[in-house]
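Throughout, read-outs are computed from the coordinates displayed, never taken from laboratory work. Please read all numbers here as calculations on a predicted model, not as lab measurements. Counting neighbours? That spans all protein chains shown, and the Cβs are built from the backbone with ideal geometry, glycine included.
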Amino acid sequence: MSTTAVRTGLATVASTPKRAELNSGMRGRWWRFLLVFVITAVVLVPIAAVVFLSLQPALGSTTTSAITLENFASVFAQTSVGAWMTNSLVVTLVTVVIAVVVAAPAGYVLSRARNRLVSGYSLVLFIVQSLPVVTAVIPLFILFASIGLVDNLVGVTIIYVGSTMSVAIWMMAAYYDSIPITLEEAAWMDGASVFGGFVRIVLRNSLPGLLSTAIFSFLLAWNDYLIAVVFLRSDANYTLPVGLETFFQQNSTNWGLVMAVAVDMMLPPVILFSVLNKYFSVGGIGGSLAGR
């Protein structure tokens, strides 16, 4: 047997396990792709059904087209959907702004400071975070009724801010932990104060964390039903989830109109994610410590 033939045989034997590993990896990828596809379909099929029904002609409609935007025009012209959406947007945006403004410095203290007071503060936040909101609804209702904050958007906003604050602080603290403290030490050596280092170094590199906290606060306030249905009484003060529920009770057989209101409720979060998605990058500080 020639030397060339021996080498060819050895190469073939050596390449066989590699091919087997490659085929096994490809099969694993297909299974993962299939699993992700099934999960995505389960999530998106109900949403697609809502959108499809919202585009169908409503009961009693004279429209002959299979697809129409008449339902959206009808709900805005004949109902208080515009007022409900305005209330939800106002309450939600105020909640987001306050939550982010307070959680940003509070999370920094939680991330950088290491003493008993901060540890006790962290424990209190953890306990508050673990308590369901329903346990505080009745005491808060009694308290707010005595000071005139029932059926008031200000009262609902206060509760939303309080319920988001603990998780928002934890989220910001967790993101700050990923930013090397050596960057701040370098700024301090250049003459920056602690607050200056926080603003110029930490906060400027925390855009993904800030956006995550803002989106969490936005979704909690936008989608809430329990607190709103307990504290809001008049149609003019309803937020969109409560308005959708009352609208469904009055038009439970007219699926086109009901689904049009549901689509109106889904649009702001979808638009928010679409606009902010490109800013979710954690690579901004990846090379900050190169060579150290």
Within the range 241-266, what residues put their amide N at less than 13 Å from the label point 7 Å along the Cα-to-Cβ vector of residue 65? none
Peptides 83-96, 188-201: what's the order by average Cβ count within 10 Å, highest mean first? 83-96, 188-201
Note: residue 133 to residue 41 extended length (0.36 nm per residue) minus current alpha-carbon separation gives 30.0 nm
In whole Hz, what ³J(HN,Hα) sequence does the range 96-109 give by Karplus (6.51, -1.76, 1.60; θ = phi - 60°), x for Gly and Pro? 5, 4, 5, 4, 5, 4, 7, 5, 4, x, 5, x, 5, 4
Prolate/oblate/rounded call for the range 80-279, Cα gyration tensor, a/c under 1.5 rounded: prolate
Order these peptides, 138-147, 222-231, by their mean beta-carbon neighbour count within 10 angstrom, highest first. 222-231, 138-147
Toward the positive end of the charge dipole of the range 80-279, about the Cα centre and with charges on Cβ (Lys, Arg +1; Asp, Glu -1), which of 161, 210, 188 goes farthest? 188
For residue 142 and residue 123, extending 7 Å from Cα along the Cα-Cβ vector and measuring point to point gives, in nm, a value of 2.8
Below 8 Å between Cα atoms, with a sequence gap of 6+, how large is the relative contact order for the range 80-279 in percent? 36
